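*Asks:* First, the structure itself, so that you have it in front of you.
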Amino acid sequence: MSSAIALSDHALRAHLSAADPDLAALVARVGPCGLRVDADRAPYEALVNAIAHQQLHGRAALAILGRLVALAGGAFPPPEALLALPEADLRACGLSGTKIRAIRGVAQARLDGVIPSRHDAESMTDEDLIARLTTLRGVGRWTVEMLLIFSLGRPDIMPVDDFGVREGWRVIKRLDTQPRPAALAAIARDWSPHRSAAAWYLWRAAEAAKARQYVAP
């Protein structure tokens with residue numbers, strides 16, 4: 001686990017467990033936090049990846065990205081190369097017209113300096129990055145939050161608009177419906193400064209419930 005996510009797995013588990021008994025039961029069942037950070041992924045690449053994942057199952061998005069990499073010669077295409085790829089070829093990878101416009105906008109924004117390098121992004125706050133990057137077509141708060149968690153290793157991000165996170169809370173609390181984002185945001189204040197790890201645990205609960213492997217105590 002990246003030290004950017006948690007200096008001590010034991011400390012973060014203890015903190016989350018003390019915040020809520022049902023969250024404590026989930027943490028105990030799942031065990032150590034397995035959240036991994038791709039420390040080599042630049043914000044530009046992270047945003048393209050996140051856009052590809054929007055409204056798709058993870059495996060489907062990874063297949064699309066794999067075809068994109070193959071199309072570009074085996075490596076993730078830099079902005080210039082991505083902009084040069086014909087739209088027909090991008091559609092053949094499985095990208096919709098909306099996503100093509102979005103990732104092309106991301107590529108141009110990197111060339112224009114709107115999207116910072118990884119080095120520059122590391123000196124920016126979470127909210128500054130969210131404010132800057134959500135000005136781009138197809139890039140909402142959730143997309144930037146995925147970048148913050150999985151590429152920059154920010155430890156205290158709670159993506160309350162994420163279906164899986166809200167579903168995980170519904171599961172462990174045995175609720176009939178998912179909480180509204182604002183309600184979950186209020187609840188999650190007690191999980192700070194480890195809200196990224198809390199999101200990871202809630203994703204695990206949602207996945208296990210979908211596979212009928214998790215029954216809340």
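*Asks:* Of the residues that sit in segment 46-69 and are part of a helix (DSSP H, G or I) and open to solvent by 50 Å² or more (accessible area, probe 1.4 Å), which one is farthest from residue 155 (Cα to Cα)? Outline the logic, then answer.
*Replies:* To start, the set of residues in segment 46-69 that are part of a helix (DSSP H, G or I) comprises 46-53, 58-69.
Next cut, open to solvent by 50 Å² or more (accessible area, probe 1.4 Å) only: 53, 59, 62, 67.
On the way: 53: 21, 59: 25, 62: 24, 67: 31 Å.
Checked segment 46-69; the qualifying residue farthest from residue 155 (Cα to Cα) is 67.
*Asks:* For segment 154-173, check the following and say yes or no: at least one residue is touching a residue at least 60 places away in the same chain (Cβ under 8 Å), touching an Asp or Glu at 6+ places or on another chain (Cβ under 7 Å), within 13 Å of residue 35 (Cβ to Cβ) and not acidic (Asp, Glu).
*Replies:* Yes, segment 154-173 contains a residue that is touching a residue at least 60 places away in the same chain (Cβ under 8 Å), touching an Asp or Glu at 6+ places or on another chain (Cβ under 7 Å), within 13 Å of residue 35 (Cβ to Cβ) and not acidic (Asp, Glu).
*Asks:* Considering each residue of segment 10-45, count those that are outside any helix (DSSP H, G or I), more than 20 Å from the chain's Cα centre (by Cα) and in contact (Cβ under 8 Å) with a residue 60 or more places away in the chain, and give that number. Give the derivation first.
*Replies:* At the first step, the residues of segment 10-45 found to be outside any helix (DSSP H, G or I) are 20, 31-42.
Those left that are additionally more than 20 Å from the chain's Cα centre (by Cα): 20, 31.
In the following step, the residues that additionally are in contact (Cβ under 8 Å) with a residue 60 or more places away in the chain were identified as 20.
Number satisfying all stated conditions: 1.
*Asks:* Scan segment 147-154 and tell me whether some residue there is more than 15 Å from residue 46 (Cα to Cα) and in contact with a Phe, Trp or Tyr (Cβ under 9 Å, 6 or more places away or on another chain). First the steps, then the outcome.
*Replies:* Step one: filter segment 147-154 for residues more than 15 Å from residue 46 (Cα to Cα), giving none.
No, segment 147-154 contains no residue that is more than 15 Å from residue 46 (Cα to Cα) and in contact with a Phe, Trp or Tyr (Cβ under 9 Å, 6 or more places away or on another chain).
The values are calculated or read from the model by the stated rules, or taken from the named source; none is laboratory data. Bear in mind that the values here come from a model prediction, so they are computed numbers and not experimental data. Reconstructed Cβ throughout: ideal geometry from the backbone, glycine too, with neighbour counts over all protein chains shown. For the accessible areas, the whole protein counts, side chains as well, though only heavy atoms, and no ligand, DNA or RNA atoms are used. Shrake-Rupley method; radii C 1.70, N 1.55, O 1.52, S 1.80 Å.
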